[in-house]
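I have placed the structure first, in the form of structure tokens, so that the comments after it can refer back to it.
The values are calculated or read from the model by the stated rules, or taken from the named source; none is laboratory data. This structure is a prediction, so every number in the text was calculated from the model and none was measured. For neighbour counting, all protein chains shown are included, and Cβ atoms are generated from backbone atoms with ideal geometry for every residue, glycine included. Heads up: the accessible areas ignore ligands, DNA and RNA and are worked out on the full protein's heavy atoms, side chains in. Shrake-Rupley method; radii C 1.70, N 1.55, O 1.52, S 1.80 Å.
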Amino acid sequence: MVIDPLLLVAAFGGGAFGAAIGGQTAFIFTGITYFIGLSAFLAGNDASAFMNNVVFGPVFGPHVAFAGGAAAAAYAAKKGVMYAGSNGRDIVSPLAGLGRVDVLAVGGVVGMIGYVLNNCLAYIFPTLGVGNVDLHYGGDALALTDTVALTIVIIAIVCRYLFGTTGLTGPKKYKLLEVGEGKHWVDFQEAWSYSAFTGLFTGLLSGFASLVLIRNFFESGVLGWAALIGWGFGALSLTFLSLGLKTPVTHHMTIIASIATIKFAPILAGTSDVTLWSTGVLVGALLIGGVFGLISGVLCEALARATNASTDTHIDPPAFAIFILTTVIHVIVSVIL
């Protein structure tokens with residue numbers, strides 16, 4: 001494991017900036033910069049350095065900028081300086097308006113912690129062996145989990161106990177998965193059937209977009225980033241949610257669906273050679289992706305109700321679901337291979 005001092009120092013800036021503009025806005029910028037990097041790949045350029053160091057590094061990496069913004073909001077609420085009507089769950093409001101250096105500094109410190117913790121998790125967590133490399137695009141190992149999502153969850157849980165008062169699941173007067181007045185994550189999306197259906201159709205959409213990238217731009221080196229295209233759409237769509245429009249939160253559904261689609265396509269086809277994939281294989285992989293998108297929608301809603309809806313700091317339900325289901329998919333694929 002290598003901790004780059006340059007990236008560590010930069011992560012302070014990323015975390016503080018995430019706090020200044022608000023965690024959700026920082027995450028939207030992650031989506032914007034992802035599409036800049038993706039465009040570079042599709043133009044035939046190697047944008048790996050941009051993706052690794054800007055999009056998912058100390059500038060807009062969610063484990064840096066989003067985590068820093070969410071932690072700073074929790075700290076501001078603890079200090080009693082949060083905007084009127086808001087608590088530590090407010091990841092939308094830009095905290096620069098509070099005029100507090102200490103709030104932004106907390107975001108910066110948490111950004112540095114996020115950078116270090118993600119590196120540690122990536123170093124500690126084992127890779128999963130792959131028996132038939134031809135069914136894994138020629139690779140010889142499979143990551144166990146999404147360490148960025150796990151980093152966000154760990155930091156959020158620590159912040160809950162440092163700055164919050166409600167414990168992990170909220171006051172005991174509430175039932176664990178109860179919803180009701182004032183106890184919501186995304187209120188218009190909270191019905192189980194609605195979350196499930198949203199996960200299904202956005203999963204199909206995202207899985208198809210990922211297949212298009214894999215089949216047509218494989219040689220450009222886009223493989224490692226193709227699963228994120230629907231996630232990027234979901235990140236950008238949060239712009240409209242921030243503006244008050246009832247826009248669904250979908251990035252946890254789309255990324256899981258795309259990962260499943262991409263991982264199961266070569267298994268169904270019996271080869272990672274994308275030129276040999278039949279329509280039947282593509283439909284089968286896409287349906288698997290849609291099912292996993294559905295599962296992610298339901299799981300995220302359950303996690304939102306259990307750990308976020310009746311509490312006073314933000315534990316991100318999408319990151320929680322992404323961490324869990326990425327692990328599940330990779331374990332299943334490694335067993336099959």
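Accessible surface for Thr165 stands near 120 Å², nearest 10, in the context of the full protein assembly shown (1.4 Å probe).
Annotation for segment 229-248 versus segment 39-97: alpha-carbon center distance of 15 Å. Surface composition of segment 156-258: carbon and sulfur make up 67 percent of the accessible area, probe 1.4 Å.
Taking Thr326, Thr145, Thr169 in turn, the Gaussian network model of the chain (Cα-Cα springs below 10 Å) assigns the largest fluctuation to Thr169. Computed from phi, the 3J(HN,Hα) profile of segment 57-65 under the Karplus parametrisation 6.51, -1.76, 1.60 (θ = phi - 60°) reads x, x, 8, 10, x, x, 6, 10, 6 Hz, with x in place of Gly and Pro. Relative to the longest principal axis of the Cα atoms of the chain, the long axis of helix 23-42 lies at roughly 20 degrees.
Pairs of lysines 8 or more apart, or on different chains, with alpha carbons under 27 Å: count those in the chain, would you? Lysine pairs meeting both conditions in the chain amount to 12. Helical runs (DSSP H, four residues minimum) scored at -39500 (n - 2.57) apiece and divided by the length of the chain put the mean residue ellipticity at 222 nm at -20500 deg cm²/dmol. Along its first, second and third principal axes, ordered by size, segment 1-75 spans 44, 28, 16 Å in Cα coordinates. Across segment 107-121, coupling constants 3J(HN,Hα) worked out from phi with the 6.51/-1.76/1.60 Karplus curve, θ = phi - 60°, read x, x, 5, 5, x, 5, 4, x, 4, 5, 4, 4, 4, 5, 5 Hz, and Gly and Pro carry x. For Phe240, the solvent-accessible surface with a 1.4 Å probe is about 100 Å², rounded to the nearest 10. Taking every protein chain into account, the 1.4 Å probe leaves Lys78 with about 110 Å² of accessible area, to the nearest ten.
Taking amide H as placed 1.01 Å from N in the peptide plane, the amide H of Leu128 sits under 5 Å from that of Leu142, Ala143, Leu144, each at least 5 places away or on another chain.
A simple charge model with +1 on the Cβ of Lys and Arg, -1 on the Cβ of Asp and Glu and nothing else charged puts the dipole of the chain at about 840 debye relative to its Cα centre.
Between Phe240 and Val335, full extension at 0.36 nm per residue minus the direct alpha carbon distance yields a gain of 30.2 nm.
With a Förster radius of 25 Å applied to the beta-carbon distance between Ala105 and Leu6, the computed FRET efficiency rounds to 0.80. Taking every Cα-Cα distance in segment 237-320 and sorting them into 5 Å bins starting at zero, the pair-distance distribution P(r) comes out as 3, 15, 17, 17, 16, 11, 9, 7, 4, 1, 0 percent.
Entry note, the chain: relative contact order of 22 percent, from Cα contacts under 8 Å with a spacing of 6+ residues. Sorting Ser193, Ser206 on solvent-accessible area from highest to lowest, probe radius 1.4 Å, gives Ser193, Ser206. Among Glu301, Glu178, the sequence by solvent-accessible area, most first, with a 1.4 Å probe is Glu178, Glu301.
Of the residues Ala306, Thr165, Gly99, the one whose Cα sits farthest toward the positive end of the charge dipole of the chain, with +1 on the Cβ of Lys and Arg and -1 on the Cβ of Asp and Glu, is Thr165.
Springs between Cα atoms under 10 Å define the GNM used for the chain, and in it the highest mean-square fluctuation of Gly61, Gly167, Gly80 occurs at Gly80.
Summed over the residues of the chain and divided among them, the accessible surface reaches 41 Å² per residue at a probe radius of 1.4 Å. Could you tell me the distance between the Cα centroids of segment 20-34 and segment 182-227, to the nearest Å? Centre-to-centre distance over Cα atoms comes out at 18 Å.
Taken along its three principal axes, the alpha carbon spread of segment 194-292 comes to 46, 28, 15 Å, from the longest extent down to the shortest. Heavy-atom surface analysis with a 1.4 Å probe gives segment 7-134 a carbon and sulfur content of 67 percent of its accessible area. Relative to one another, the C-alpha centroids of segment 106-142 and segment 274-337 are positioned 18 Å apart. For mean projected area of the Cα convex hull in nm², which listed value, [x] 19.2; [y] 16.4; [z] 21.6, comes from the coordinates shown? The value matching this structure is [y]. Remark: accessible surface ordering of Arg89, Arg215 (largest first) is Arg215, Arg89, probe radius 1.4 Å.
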